[in-house]
Amino acid sequence: MRHPRSMAIACIVMGSIGVIISALLGIFLAPDVNPSQWRAPEAYRIIFLHVPFAWTSFLAFIVLFIGSLGWYLRRSESSWRLVQTGSDLGLLFGFGVITSGPIWGMAEWGVPWDWADLRLNTFALLTAVALFIVMARRSQFDDDTTRDTIASVGLFGFMLVPITAVATTLYQKRHPGIVIVESENSGLDPVIRTILLSGFISMTFLFVGFVMLSNHLYAEEADLERELKKLDLAEEVS
Amino acid sequence: MSGIYHLALAYSIMIGSLLVYGRWLISRHRSLDKAVASTIEVQTPPPR
């Protein structure tokens, strides 16, 4: 099992370097926006990490969904590991999005949150689902009943992903529209688009590395748990 | 400062959260190695 661990670490190192480069490019290379049209023109650079974080959080929720579905269909340990990893990473990337977004909102809108905006609120709910799953896993006894409950919450949470993803197209209140897809409204500068794409590719490498390493650790921890139970049983018998 | 402090705060939180998660994985990795080593020690029968 040495090979997957080395591959995971390679992905994490490459992804981390890419994320740092993308952040630096976002700060120093990305063009300025028109200061007369924006209240906080420098704060717009938050998008160079905020948008890749948001995309990656959707990848994490997809992992959570696949794991939850797999647990229901096959009750396999590998599916449960995906639930564990998907919820951890959903919380990590979701947390990054729901903290950096309001910081930008505070600078640009003057208020951190808009309770009438569909995307903001469904995304916050999605992150709350990941938080609930992580806390439930840590606080509840690990048996099939608990796993069934957690997997059902994971399946419910995934329903929010398409709603959140298309919220800016179908029901746009305040959150800016989709930035990468070419449209009449976007008119995105090619440099900005290139930096965003490099951020997304880097974050995906980081995400893949995290998934591989996390799954590997959860698998080894479960093996160790089984070995310890065997030892306890052997001690009881003797 | 046209949002420069907001930018610094947001970047610190996002990169910081990635670092915290990475450190958590490393600490789990280390404690797992220690636990595996002590389990092997318990399982190994004493020399006769």
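The values are calculated or read from the model by the stated rules, or taken from the named source; none is laboratory data. This is a predicted model, so every value here is computed, not measured. Cβ sites come from the backbone with ideal geometry, for glycine too, and all protein chains shown count toward neighbours. Ligands, DNA and RNA are excluded from the accessible area calculation, which covers all protein heavy atoms including side chains. Shrake-Rupley method; radii C 1.70, N 1.55, O 1.52, S 1.80 Å.
For the reader, a short list of remarks on this structure follows.
- Long-range neighbours under 8 Å by Cβ, at least six apart or interchain, first residue within 20 Å of A:Phe53 (Cα to Cα) and in contact (Cβ under 8 Å) with a residue 40 or more places away in the chain within the stretch A:97-117, second of a type in the set (S, T, N, Q) and open to solvent by less than 30 Å² (accessible area, probe 1.4 Å): A:Val97/A:Ser57; A:Val97/A:Thr127
- Filtered residue count, the stretch A:106-164, keeping only those that are within 30 Å of A:Ile46 (Cα to Cα) and among the basic types (Lys, Arg): 1
- Counted residues, the stretch A:81-96 - those being more than 17 Å from A:Trp55 (Cβ to Cβ) and open to solvent by less than 10 Å² (accessible area, probe 1.4 Å): 3
- Single match in A:Ala30, A:Ala60, A:Ala54, A:Ala43 (criterion: within 12 Å of chain B (Cβ to nearest Cβ) and surrounded by fewer than 21 Cβ atoms within 10 Å (Cβ to Cβ)): A:Ala30
- Scan of the stretch A:20-60 for residues that are farther than 21 Å from A:Pro102 by Cα and in contact (Cβ under 8 Å) with a residue 40 or more places away in the chain, ordered by number: A:Ile21, A:Ser22, A:Leu25, A:Leu29, A:Ala30, A:Pro31, A:Leu59, A:Ala60
- Number of residues in the stretch A:124-164 that are touching a residue at least 24 places away in the same chain (Cβ under 8 Å), open to solvent by 70 Å² or more (accessible area, probe 1.4 Å) and under 19 Å from the mean Cα position of the chain (by Cα) equals 4.
- Condition check for A:Ser68: over 29 Å from A:Leu24 (Cα atoms) and surrounded by 15 or more Cβ atoms within 10 Å (Cβ to Cβ): yes
- Hits in the stretch A:1-59 (condition: outside any helix (DSSP H, G or I) and farther than 30 Å from A:Glu221 by Cβ): A:Leu29, A:Ala30, A:Pro31, A:Asp32, A:Val33, A:Asn34, A:Pro35, A:Ser36, A:Gln37, A:Trp38, A:Arg39, A:Ala40
- Just so you know, in the stretch B:27-37 the residues that are facing chain A (nearest Cβ under 10 Å) and not acidic (Asp, Glu) include one that is nearest to the chain's Cα centre (by Cα), and it is B:Arg28.
Yes/no matrix, rows are residues, columns are (1) surrounded by 11 or more Cβ atoms within 10 Å (Cβ to Cβ); (2) in contact with a helix residue (DSSP H, G or I) (Cβ under 6 Å, 6 or more places away or on another chain):
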{"position": "B:Ile4", "(1), (2)": "yes, yes"}
{"position": "B:Leu9", "(1), (2)": "yes, yes"}
{"position": "B:Ile15", "(1), (2)": "yes, no"}
{"position": "B:Arg23", "(1), (2)": "no, no"}
{"position": "B:Arg30", "(1), (2)": "no, no"}
{"position": "B:Thr39", "(1), (2)": "yes, yes"}
{"position": "B:Pro45", "(1), (2)": "no, no"}
